[in-house]
Ligand SMILES: [Zn+2]
């Protein structure tokens, strides 16, 4: 049971900061950089781009955040107390991009539910460290919390994030007390899969989590999956330590293989959305983009019936002793 041959990609140029980015993180430019990378490698034809989705309003952000923080974030000046933990240089232009990145994730998930035969893709990140009170560690807003709360309120459906970024995604856990129906939108035991270990143990834990997820899906308690394969779980990332290139790719194979198996078992399409999350290589940003590309190609080959040949090109990290 294949999915459609192209990834339904919720992308607008307004998601990316393309100028005045003096950040240590390239993340505000990442959506655009990744799409350019896919074009350069002849892979753009595998995406169907949707650009006409509406940006998020203040009300959308209020779902997961205190009003003060949201109002300040979109004002003329974000106070220092909110900037300190963010790690990114705040600007009005940057703030505007978050309306589109967060809306991209929500629209991608909603599309995957309405059209489960298509894989939806939000080429975005910067969500999983934000808390109700403020943004933190390159993450301005809890995009996952907002998207899933909206989906639950609109459709009564629950989801699971397989968050294989190199860092523990705390935004969901930190929001259970703030968003009243979040436990239904994202069941605490399975809604936020994060893995802290390394190498072989990491892969074993991922398999265990997927076994648990199988129960939730079979029992009708989880209705959609969002896979966020952050490139900073790669051992040579500036902020990473966990997985070799082969192991990082094996995670993609495990997740897409799992979705395929579940679809065969249940004889129906399982809604799947892909999202980017972290990845930081100051010496070679193409390594980050290439890992993400290899992940997308695995999805296309395993779930969408394609036979694309692509190998991740990962520059070896020079360790200065
Ligand atoms: Zn990270």
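The values are calculated or read from the model by the stated rules, or taken from the named source; none is laboratory data. The structure displayed is predicted, hence computed values, not measured ones. Because the Cβ atoms are built from the backbone with ideal geometry, glycine has one as well, and the counts that use them run over all protein chains shown.
Inspect all residues belonging to region 79-87 and state whether any of them is over 26 Å from residue 117 (Cα atoms), outside any helix (DSSP H, G or I) and touching a helix residue (DSSP H, G or I) at 6+ places or on another chain (Cβ under 9 Å). Walk me through it before giving the result.
Going through region 79-87, the residues over 26 Å from residue 117 (Cα atoms) turn out to be 79-87.
With outside any helix (DSSP H, G or I) added as a condition, the list becomes 79, 84-87.
Among the residues that remain, those that are also touching a helix residue (DSSP H, G or I) at 6+ places or on another chain (Cβ under 9 Å) are: 79.
Yes: one or more hits.
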*In region 117-222, which helices (runs of 4 or more DSSP H) lie fully inside it and hold 3 or more residues that are over 27 Å from residue 250 (Cα atoms) and either touching a residue at least 60 places away in the same chain (Cβ under 8 Å) or away from the ligand (no atom under 16 Å from the Cβ) (or both)?*
143-155, 182-185
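Out of curiosity, is residue 112 part of a helix (DSSP H, G or I), buried (at least 19 other Cβ atoms within 10 Å of the Cβ) and in contact with a helix residue (DSSP H, G or I) (Cβ under 8 Å, 6 or more places away or on another chain)? Give the derivation first.
Numbers: part of a helix (DSSP H, G or I): yes; buried (at least 19 other Cβ atoms within 10 Å of the Cβ): yes; in contact with a helix residue (DSSP H, G or I) (Cβ under 8 Å, 6 or more places away or on another chain): no.
No: the conditions fail for residue 112.
Quick check on region 249-276: of everything there that is within 18 Å of residue 195 (Cβ to Cβ) and free of Cβ contacts under 8 Å to residues at least 60 places away in the same chain, which residue is nearest to the ligand (Cβ to nearest atom)?
First pass over region 249-276, keeping only residues within 18 Å of residue 195 (Cβ to Cβ): 249-259, 274-276.
Now restrict to residues that are free of Cβ contacts under 8 Å to residues at least 60 places away in the same chain: 250, 252-254, 256-259.
Numbers: 250: 19, 252: 17, 253: 21, 254: 20, 256: 21, 257: 24, 258: 22, 259: 23 Å.
Among those residues, the one meeting the criterion is 252.
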*If residue 44 satisfies every condition in (1) without any contact (Cβ under 8 Å) to a residue 24 or more places away in the chain; (2) closer than 30 Å to residue 262 by Cβ; (3) within 18 Å of the chain's Cα centre (by Cα) but one, which is the exception?*
(3)
*So, of the residues in region 229-246 that are crowded, with 16+ Cβ neighbours inside 10 Å and within 16 Å of residue 297 (Cα to Cα), which turns out to be farthest from the chain's Cα centre (by Cα)?*
245
*Out of 85, 105, which single residue is surrounded by 19 or more Cβ atoms within 10 Å (Cβ to Cβ) and touching a strand residue (DSSP E or B) at 6+ places or on another chain (Cβ under 9 Å)?*
105
*For region 273-312, which residues satisfy the criterion of being at pLDDT 95 or above, in contact with a helix residue (DSSP H, G or I) (Cβ under 9 Å, 6 or more places away or on another chain), surrounded by fewer than 24 Cβ atoms within 10 Å (Cβ to Cβ) and not in a helix (DSSP H, G or I)?*
304, 306, 307, 308, 309, 310, 311, 312
*Scan region 230-240 for residues that are within 11 Å of the ligand (Cβ to nearest atom) and either assigned to a loop (DSSP other than H, G, I, E, B) or free of Cβ contacts under 8 Å to residues at least 60 places away in the same chain (or both) and jot them down.*
230, 237, 238, 239, 240
*Mind listing whichever residues of region 277-321 are within 16 Å of the ligand (Cβ to nearest atom) and in contact with a strand residue (DSSP E or B) (Cβ under 7 Å, 6 or more places away or on another chain)?*
277, 291
*Looking at region 41-78, which of its residues are surrounded by fewer than 17 Cβ atoms within 10 Å (Cβ to Cβ), in a loop (DSSP other than H, G, I, E, B) and touching a helix residue (DSSP H, G or I) at 6+ places or on another chain (Cβ under 6 Å)?*
74
*Going through region 176-193 one residue at a time, which ones are touching a strand residue (DSSP E or B) at 6+ places or on another chain (Cβ under 7 Å) and surrounded by fewer than 21 Cβ atoms within 10 Å (Cβ to Cβ)?*
190
